[in-house]
Amino acid sequence: MQDLSDAGKGYSNGWGFTNSFNTEMYTGGIEEGLPPNEAGMSRNDTDFMHVYNWKKLAELAKNKKNYKLVNGHKVIPISVAVANDALFLIPEPKSPHGVDVSPDGKYITVCGKLDTHASVYSMEKIKALIKKKDYLGKDPYGINILDMKKALHGQVELGLGPLHNQYSNVDGEIYTSLYVDSQVVKWNYKTLKVIDKINVHYNIGHLCGMEGKSADPQGDYIIALNKLTIDRFVQVGPLHPQNHQLIDISGKKMDMLVDMPLPLGEPHQAVAIRTSKLHTAVRYKMGTNTKTGKTHKGKTLAGQERIERKGNQVTVYATLVRSHINPERITVNLGDEVTIYMTNLERAQDETHGFTVDNYNVHASLEPGETSTVKFVADREGVFPYYCTEFCSALHLEMMGYLMVKDPNKKYVSATKLKMKTMTKAELQAEYDKVVAVNAATDAVIQSVVAFLKANGFDKYPDVANLVTDAFDQYGQIPAQKKKADAAKKAGDMEKAILFEGMIWQYMVKTADVGIRAKDNLVKHISTKQSAAAARGDIAFDEGGCSGCHVVGKVSSGPDLTGVLGRHENGEKWVAEFIKHPEKKFNEPYVKAMIDYFKLRMPNQHMSDAEIKDIVEYFKWIDENANLF
Amino acid sequence: MKSINTFTTLCVAGAIAATTSYASGGSALQKVMKDRGLNEKDVIRAAKTYNPSGVHDKYVVFSSGGQSGQVIVYGVPSMRLLKYIGVFTPEPWQGYGYDEESKAVLAQGRIRGKDITWGDTHHPGLSETDGKYDGKWLAINDKANPRIAIIDLHDFETKQIVVNPVFKSEHGGSFFTPNSEYIIEAAQYAAPFDNEYHSIEDYKETFRGGVTLWKFDHKKVVL
């Protein structure tokens with residue numbers, strides 16, 4: 001029976017290594033009064049490491065006479081592998097777990113959990129033995145056995161229950177988990193010396209180094225993947241979470257940094273990679289089937305939404321975008337087979353939409369650009385809301401529709417229509433005017449943001465440029481809505497015109513939302529760097545509650561503080577005094593006028609002298625960048 | 001002359017502010033340490049693992065999810081969770097197992113016609129170029145039902161599941177060869193390769209272990 005494996009690399013590239021156990025070939029039988037498996041299967045002192053040449057085996061598998069087909073799968077028999085010098089055995093300490101090839105591929109370290117030693121095999125010695133055909137004998141299946149002593153570089157006593165190994169960026173350094181001792185041991189597989197040990201909690205299985213099994217291990221940390229947690233965390237019932245412990249290995253002694261409870265199964269092994277090596281996407285090409293990477297046959301763009309019917313097959317081509325699902329009503333007959341293709345038309349980062357039809361056990365998560373499908377038989381009559389399951393926007397709640405399942409054999413009597421209160425012509429006109437005015441005001445804000453972005457070269461900063469593209473995507477939807485609103489108005493349908501104007505406002509709000517985020521990002525790029533004092537002042541300004549009344553660049557509940565230092569004789573001193581004790585200056589004519597204007601006396605926020613100094617520095621920074629606010 | 005003057009003032013102000021805030025910062029720290037019973041070593045350890053809002057981790061860990069049949073993703077050194085990836089098991093948040101595209105992936109993991117909607121994930125493996133991790137693919141095995149799944153690291157989604165047609169359980173997977181030419185998968189419990197009944201008396205003759213080399217196309221997801 002086999003256990004862990006590893007692929008050779010560097011010097012041992014082309015070879016594979018796999019542990020085995022139960023060389024006794026014990027088959028148990030407690031029920032027949034025989035000793036249990038665990039006793040019979042660990043009787044011998046050694047099991048066998050399988051050493052095989054996968055490059056040779058891959059070549060052999062190309063020729064029909066070298067393999068048998070079992071369940072349609074090519075299987076190379078032992079005899080063929082042996083005859084081609086592609087498979088060997090080397091004794092290893094019994095019941096082995098880890099077999100781990102060193103970064104340069106020259107050494108293979110094996111740990112057997114019932115032996116206190118780790119065994120380091122030398123690939124140079126193994127290759128030499130194979131070349132000389134220096135075999136100890138054959139196993140019952142005819143596989144050549146290499147002499148363990150001749151293949152070993154050496155053995156080291158580590159402790160009880162050694163299991164797995166990881167490497168670091170220091171030459172020869174290796175980290176091994178000790179299951180029974182609940183320890184990680186740091187040692188050197190070349191000099192065969194133990195360097196350091198650390199306790200873990202409890203009963204470690206695998207351990208994870210940073211790229212610790214690659215040709216390029218990074219060091220820095222080791223994570224202990226412990227099997228038992230016992231008292232480490234708040235008790236949550238008899239089933240405990242797992243405990244992953246982070247160990248700092250950058251110093252001479254290992255240092256336990258922190259515990260992480262993992263509440264999802266018993267993780268066995270983990271692998272770590274530098275974040276800088278991952279290049280993930282934030283959106284798909286529009287209409288992608290993400291599982292195949294190809295364009296989805298159900299890809300639907302705005303304006304292409306439709307419901308097609310062929311007999312009892314109903315196919316819906318739908319789109320999702322903040323904040324609606326199109327179509328909003330799907331009516332089918334009982335027993336119809338319904339297929340809904342959905343495309344998320346968003347391009348904005350993190351604008352995922354979810355989709356479900358209530359009570360039909362379907363759910364899809366659509367990331368920007370993704371197309372996916374839900375399919376079901378409409379086997380129950382009734383009305384079933386469907387909705388977006390991700391909180392995607394302020395109008396997320398409204399992103400819904402109805403699946404109506406009718407029984408074609410039933411006659412439905414329409415209930416009396418609830419008469420909505422109708423509005424007079426004048427009322428409708430007033431509402432229309434109001435909506436149009438709000439839209440004009442909102443558009444003015446958008447135009448000012450656009451002017452700012454353009455004046456400050458937004459396209460030089462990719463993060464800002466992406467946001468601007470997203471904003472214009474939203475803004476670009478407006479003309480079509482405007483056309484409909486105007487047409488409705490012309491036809492005298494004010495109700496409809498108001499609804500379309502309302503839709504325009506929706507798009508404007510989304511545009512402004514992303515646009516203002518772009519502006520904030522741009523300001524960060526182009527403003528002068530804040531001094532440490534100004535940065536502290538920025539924080540003190542927020543935390544002292546100042547920003548509750550003062551918005552930099554705008555008059556709000558208090559005056560705009562841009563340029564405040566220049567507004568007074570001896571400005572820095574005056575401002576500092578005013579912040580410290582505003583009440584002492586309430587009788588100054590200037591302040592009096594402001595109190596009249598704002599109908600508010602600025603409260604004493606009890607700022608410390610140090611904080612006030614920092615806030616003054618912050619005001620200086622604002623003045624340097626006044627054009628940006 | 002004037003600008004030099006301002007510059008000096010700035011420096012002095014900065015220096016004073018810095019000392020004061022250090023002193024007040026120090027006492028705030030001591031208060032927290034006292035309230036929470038932390039010693040200096042604890043605070044250093046906390047500082048070594050703390051990510052302020054918006055700061056990203058240096059490493060990303062892909063952990064097997066054990067009996068959940070999933071993969072767990074977290075960051076190092078913050079040890080904070082980033083994602084669960086649905087692999088052998090339906091995962092409702094991602095719609096995995098609830099839309100047709102992902103059902104088709106899970107269906108690849110059927111064994112002898114039977115849906116198997118859980119897995120015992122053991123060993124994740126990262127694809128390699130020249131023996132070094134290249135950040136493109138993640139493979140993970142299922143010990144209970146001999147299968148290997150491939151996750152695309154460009155979007156962290158499971159794209160393919162393959163079933164070993166001869167093993168009845170496996171363990172020693174999923175290890176990439178140095179240029180991701182193959183993925184090594186070794187059996188665990190010996191069992192007959194075929195799908196027939198064999199007496200335990202015939203253990204030595206008909207029960208077998210083995211190692212499977214899955215050809216891996218580094219560009220496409222085809223095993």
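The values are calculated or read from the model by the stated rules, or taken from the named source; none is laboratory data. Just so it is clear, the model here is predicted, and its values are computed rather than measured. Note: ideal-geometry Cβ built from the backbone for every residue, glycine included; neighbour counts use all protein chains shown.
Any residue at all in the stretch B:107-116 that is assigned by TED's automatic domain parsing to the domain that holds B:SER180, over 20 Å from A:SER276 (Cβ atoms) and surrounded by 18 or more Cβ atoms within 10 Å (Cβ to Cβ)? Let's see the steps before the verdict.
Taking the stretch B:107-116 first, the residues assigned by TED's automatic domain parsing to the domain that holds B:SER180 are B:107-116.
Checking the rest, the ones that are also over 20 Å from A:SER276 (Cβ atoms) come to B:107-116.
Now restrict to residues that are surrounded by 18 or more Cβ atoms within 10 Å (Cβ to Cβ): B:109, B:116.
Looking through the stretch B:107-116, at least one residue is assigned by TED's automatic domain parsing to the domain that holds B:SER180, over 20 Å from A:SER276 (Cβ atoms) and surrounded by 18 or more Cβ atoms within 10 Å (Cβ to Cβ).
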Can we say B:PHE156 is at pLDDT below 95 and assigned by TED's automatic domain parsing to the domain that holds B:VAL73?
no
Show me the helices (runs of 4 or more DSSP H) found entirely inside the stretch A:511-629 where at least 3 residues are of a type in the set (Asp, Glu) and under 42 Å from the mean Cα position of the chain (by Cα).
A:532-543, A:609-624
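State all residues of the stretch B:106-129 that are assigned to a loop (DSSP other than H, G, I, E, B) and either in contact (Cβ under 8 Å) with a residue 24 or more places away in the chain or touching a Gly at 6+ places or on another chain (Cβ under 7 Å) (or both); if no residue qualifies, say none. Write out each step before concluding.
Filtering the stretch B:106-129 down to residues assigned to a loop (DSSP other than H, G, I, E, B) leaves B:108-110, B:112-113, B:115-120.
B:GLN108, B:GLY109, B:ARG110, B:ARG112, B:ILE116, B:THR117, B:TRP118, B:GLY119, B:ASP120, listed by residue number.
Mind listing whichever residues of the stretch A:1-18 are over 30 Å from A:ASN37 (Cα atoms) and of a type in the set (S, T, N, Q)?
Kept after step one, since they are over 30 Å from A:ASN37 (Cα atoms), are these residues of the stretch A:1-18: A:8-15.
Listed by number, the residues that qualify are A:SER12, A:ASN13.
Residue under question is B:VAL43, and the condition is that it be closer than 19 Å to A:LEU262 by Cβ, among the hydrophobic types (A, V, I, L, M, F, W, C) and either assigned by TED's automatic domain parsing to the domain that holds B:PHE88 or without any contact (Cβ under 8 Å) to a residue 24 or more places away in the chain (or both); does it hold? Explain how you work it out, then say what you get.
Working: closer than 19 Å to A:LEU262 by Cβ: no; among the hydrophobic types (A, V, I, L, M, F, W, C): yes; either assigned by TED's automatic domain parsing to the domain that holds B:PHE88 or without any contact (Cβ under 8 Å) to a residue 24 or more places away in the chain (or both): yes.
Taking the combined requirement at face value, the residue does not satisfy it.
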Do you know which of the residues in the stretch B:172-212 that are more than 7 Å from chain A (Cβ to nearest Cβ) and among the hydroxyl-bearing types (Ser, Thr, Tyr) is nearest to the chain's Cα centre (by Cα)?
B:SER174
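This table checks each residue for (1) more than 16 Å from A:GLU173 (Cα to Cα); (2) under 22 Å from the mean Cα position of the chain (by Cα); (3) at pLDDT 95 or above.
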{"site": "A:ASP220", "(1), (2), (3)": "no, no, yes"}
{"site": "A:ALA224", "(1), (2), (3)": "yes, no, yes"}
{"site": "A:GLN245", "(1), (2), (3)": "yes, yes, yes"}
{"site": "A:ASP248", "(1), (2), (3)": "no, no, yes"}
{"site": "A:VAL258", "(1), (2), (3)": "yes, yes, yes"}
{"site": "A:PRO267", "(1), (2), (3)": "yes, yes, no"}
{"site": "A:ALA270", "(1), (2), (3)": "yes, yes, yes"}
Being of a type in the set (Asp, Glu), in contact with a strand residue (DSSP E or B) (Cβ under 8 Å, 6 or more places away or on another chain) and at negative phi narrows it down to one of A:ASP560, A:ASP520, A:ASP609, A:ASP538, so name that one.
A:ASP560
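Being away from chain B (no Cβ under 12 Å) and either among the small types (Gly, Ala, Ser) or assigned to a loop (DSSP other than H, G, I, E, B) (or both) narrows it down to one residue among A:ALA39, A:ALA81; which is it?
Numbers: A:ALA81 fails: away from chain B (no Cβ under 12 Å).
Unique residue meeting the criteria: A:ALA39.
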I'd like to know if the stretch A:174-195 contains one or more residues that are over 23 Å from A:ASP259 (Cβ atoms), within 31 Å of the chain's Cα centre (by Cα) and more than 14 Å from chain B (Cβ to nearest Cβ).
yes
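Which fully enclosed strands (runs of 3 or more DSSP E) of the stretch B:26-105 have 2 or more residues being hydrophobic (A, V, I, L, M, F, W, C) and surrounded by fewer than 21 Cβ atoms within 10 Å (Cβ to Cβ)? Before you say what the answer is, go through the steps one by one.
Numbers: elements: B:59-64, B:70-76, B:80-86.
Here the list reads B:80-86.
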Six or more apart or on different chains, Cβ atoms under 6 Å: show the pairs whose first residue is in the stretch A:367-380 and surrounded by fewer than 20 Cβ atoms within 10 Å (Cβ to Cβ) and whose second is of a type in the set (Asp, Glu).
A:LYS375/B:GLU100; A:VAL377/A:GLU337
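Every residue, every condition in (1) touching a His at 6+ places or on another chain (Cβ under 7 Å); (2) outside the structural domain of A:ARG380 (by TED's automatic domain parsing); (3) charged (D, E, K, R); (4) outside any loop (DSSP other than H, G, I, E, B), yes or no:
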position	(1), (2), (3), (4)
A:LYS411	no, yes, yes, no
A:SER414	no, yes, no, no
A:ALA440	no, yes, no, yes
A:ASP459	no, yes, yes, yes
Take the stretch A:53-76 and flag every residue that is part of a loop (DSSP other than H, G, I, E, B) and under 21 Å from A:ASP6 (Cα atoms).
A:ALA61, A:ILE76
Pair list, Cβ under 9 Å, 6 or more apart: the stretch A:275-286 residue closer than 27 Å to A:ASP220 by Cβ and more than 7 Å from every other protein chain (Cβ to nearest Cβ), other residue of a type outside the set (Phe, Trp, Tyr) and outside any loop (DSSP other than H, G, I, E, B)
A:SER276/B:GLY135
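With B:LEU138, B:LEU153 as the choices, which residue is among the aliphatic types (A, V, I, L, M), touching a strand residue (DSSP E or B) at 6+ places or on another chain (Cβ under 7 Å) and more than 7 Å from chain A (Cβ to nearest Cβ)? Don't jump to the end; show me each part of the working.
Working: B:LEU153 fails: more than 7 Å from chain A (Cβ to nearest Cβ).
Residue meeting the stated conditions: B:LEU138.
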Restricting attention to the stretch A:129-141, does a residue exist that is within 14 Å of chain B (Cβ to nearest Cβ) and not aromatic (Phe, Trp, Tyr)?
yes
Answer yes if at least one residue in the stretch A:290-299 is outside the structural domain of A:VAL514 (by TED's automatic domain parsing), surrounded by fewer than 17 Cβ atoms within 10 Å (Cβ to Cβ) and farther than 26 Å from B:GLN160 by Cα, and no otherwise.
no
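Considering only the stretch B:73-95, state which residues are among the polar types (S, T, N, Q) and more than 8 Å from chain A (Cβ to nearest Cβ).
The first filter runs over the stretch B:73-95 and keeps only residues among the polar types (S, T, N, Q), leaving B:78, B:89, B:94.
Of everything in the stretch B:73-95, those that are among the polar types (S, T, N, Q) and more than 8 Å from chain A (Cβ to nearest Cβ) turn out to be B:SER78, B:THR89.
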Result of the Cβ filter at 8 Å on the stretch B:186-213, keeping first residues that are at pLDDT below 90 and partners that are exposed (fewer than 11 other Cβ atoms within 10 Å of the Cβ) and not in a strand (DSSP E or B), at least 6 apart or interchain, is B:LYS204/A:PRO140
Within the set of pairs 6+ apart or on separate chains, which have a first residue in the stretch B:50-72 that is at the interface with chain A (Cβ under 9 Å from one of its Cβ atoms) and free of Cβ contacts under 8 Å to residues at least 24 places away in the same chain, a second that is surrounded by 20 or more Cβ atoms within 10 Å (Cβ to Cβ) and aliphatic (A, V, I, L, M), and C-beta atoms under 6 Å apart?
B:ASP57/B:VAL76; B:TYR59/A:MET210; B:TYR59/A:ALA272; B:TYR59/B:VAL76; B:VAL60/A:ILE273; B:VAL61/A:ALA270; B:VAL61/A:ALA272; B:VAL61/B:VAL76
Does at least one position in the stretch A:460-469 carry a residue that is surrounded by 18 or more Cβ atoms within 10 Å (Cβ to Cβ) and of a type in the set (Ser, Thr, Tyr)?
yes
Residues that are touching a Pro at 6+ places or on another chain (Cβ under 7 Å), surrounded by 22 or more Cβ atoms within 10 Å (Cβ to Cβ), touching a residue at least 40 places away in the same chain (Cβ under 8 Å) and over 18 Å from A:VAL80 (Cα atoms): does the stretch A:125-140 have at least one?
no
Number of the condition not met by A:ALA491 [criteria: (1) modelled with pLDDT of 90 or more; (2) in contact with a Phe, Trp or Tyr (Cβ under 6 Å, 6 or more places away or on another chain)]:
(2)
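Quick one: count up the residues across the stretch B:157-189 that are part of a loop (DSSP other than H, G, I, E, B) and either surrounded by fewer than 23 Cβ atoms within 10 Å (Cβ to Cβ) or in contact with a His (Cβ under 6 Å, 6 or more places away or on another chain) (or both).
Pass one, the stretch B:157-189, residues part of a loop (DSSP other than H, G, I, E, B): B:164-169, B:177-181, B:188-189.
In the following step, the residues that additionally are either surrounded by fewer than 23 Cβ atoms within 10 Å (Cβ to Cβ) or in contact with a His (Cβ under 6 Å, 6 or more places away or on another chain) (or both) were identified as B:165-166, B:168-169, B:178-181, B:188-189.
Within the stretch B:157-189, residues that are part of a loop (DSSP other than H, G, I, E, B) and either surrounded by fewer than 23 Cβ atoms within 10 Å (Cβ to Cβ) or in contact with a His (Cβ under 6 Å, 6 or more places away or on another chain) (or both) number 10.
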